[in-house]
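Everything on this sheet refers to the single structure shown next.
The values are calculated or read from the model by the stated rules, or taken from the named source; none is laboratory data. All values reported here derive from a predicted model rather than from experimental measurement. Neighbour counts run over all protein chains shown; Cβ positions are idealised from the backbone, glycine included.
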Amino acid sequence: MSIALDYAGFKTLVLAAALPPAPLLLLSAWGGWRLKRQRRGGGWLLAFGLLLTWLSATEAVGELLSRAIGQPAVLSPAQLAALRGQQDGAVLVLGGGVRRLVPEFGIAAPREVTAERLAYGVWAARRSGWPLAFTGGIGWTARELQQSEASIIARVAAEDYALPLRWAESQSRDTRQNAANTLPLLARDGVRQVVLVTHEAHMRRALRSFEAEAAPLGMRILPAPVGLRVDALSDFSDWCPSAGGFERVRYLAYEMLAWWAGR
């Protein structure tokens, strides 16, 4: 059996090797190998690798990483309410992935990241009185998808939230294409202000793409991050491994790599 390693496959392979826990487990294995052969520093490398593996799955380290790269400020309910009455705005939700088939529903549905963004986007649209938009096609690594994210979210927004999308951009495959494809579409309909909804880890990279596209169009981008924590440092459990902590650290590490790569 042959496996074709196209761009999507190559990206998946690189991310698997670069994101936690793979590099940390390799460091631990190297330390164990050196320790077994009684080479200098083996024990320290093993202990350090295991400690980093532990910390890489904690909410506390996720919070520290988020603050280190520039955690965005929340868009408060009062700020959203102040937008009501302005007729040139839209709430734009960025896609974060969907599941092709959810067995209990028998249909496609948003992944947790996308569902969280959509829920907040719907709330922000109702609070501000602005129409709702969504951008997301079939991502580079979403090999199993046959429908775009936008088409799936359009159904969810209409059926589950009773708030149909005004705009559904379905051709983009990454953040840069989200901005390049969606902002001109909104601008043609007279939109000059955009409440941009995505996760706090993704916001810095999203703003880089959207503000570059918005400037020539005379549009204003208002960041509306989701996924912020009130406090993820003071409790003992924040320093203990958890599924949520692991997902957040891994997501932040991915965003840092994507930022450096200019994607």
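Among the residues of the range 134-148, write down those that are out of contact with any Ser or Thr (no Cβ under 7 Å at 6 or more places or on another chain) and either closer than 24 Å to Glu213 by Cβ or of a type outside the set (A, V, I, L, M) (or both).
Scanning the range 134-148 gives Phe134, Gly139, Trp140, Ala142, Arg143, Glu144, Gln146, Gln147.
Looking at Gly62, Gly70, which one is touching a residue at least 60 places away in the same chain (Cβ under 8 Å) and assigned to a loop (DSSP other than H, G, I, E, B)?
Every option except Gly70 fails the conditions.
What are the pairs with Cβ atoms under 7 angstrom where one residue, in the range 136-152, is assigned by TED's automatic domain parsing to the domain that holds Asn178 and the other, located anywhere, is surrounded by 16 or more Cβ atoms within 10 Å (Cβ to Cβ) and of a type in the set (Lys, Arg)? Sequence gap at least six, or different chains.
Pairs that qualify, where the first residue is assigned by TED's automatic domain parsing to the domain that holds Asn178 and the partner is surrounded by 16 or more Cβ atoms within 10 Å (Cβ to Cβ) and of a type in the set (Lys, Arg), are Gly137/Arg173; Ile138/Arg173; Gly139/Arg173; Trp140/Arg173.
Could you check the range 209-226 and list, in sequence order, the residues that are of a type outside the set (Gly, Ala, Ser) and either free of Cβ contacts under 8 Å to residues at least 40 places away in the same chain or crowded, with 20+ Cβ neighbours inside 10 Å (or both)?
Phe210, Glu211, Glu213, Pro216, Leu217, Met219, Arg220, Ile221, Pro223, Pro225, Val226
Counting only residues that are modelled with pLDDT of 75 or more, part of a helix (DSSP H, G or I) and not polar (S, T, N, Q), how many does the range 1-28 have?
The total comes to 14.
Being in contact with a helix residue (DSSP H, G or I) (Cβ under 9 Å, 6 or more places away or on another chain) and either over 17 Å from Phe134 (Cβ atoms) or of a type in the set (Lys, Arg) (or both) is the requirement here; does Glu200 meet it?
When the stated conditions are applied, Glu200 passes them.
Within the bounds of the range 89-110, is there any residue that is closer than 22 Å to Met203 by Cα, out of contact with any strand residue (DSSP E or B) (no Cβ under 8 Å at 6 or more places or on another chain) and not β-branched (Val, Ile, Thr)?
There is no residue in the range 89-110 that is closer than 22 Å to Met203 by Cα, out of contact with any strand residue (DSSP E or B) (no Cβ under 8 Å at 6 or more places or on another chain) and not β-branched (Val, Ile, Thr).
Sort through Ala82, Ala119 and tell me the only one that's more than 17 Å from the chain's Cα centre (by Cα), farther than 22 Å from Leu185 by Cα and modelled with pLDDT of 95 or more.
Going through Ala82, Ala119 in turn, the sole match is Ala82.
Does Val91 meet the test of being outside the structural domain of Val191 (by TED's automatic domain parsing), among the β-branched types (Val, Ile, Thr) and under 27 Å from Glu116 (Cβ atoms)?
In short, no.
Could you look through the range 227-262, keep only residues that are surrounded by 14 or more Cβ atoms within 10 Å (Cβ to Cβ) and charged (D, E, K, R), and pick out the one that is farthest from Thr175 (Cα to Cα)?
Asp238
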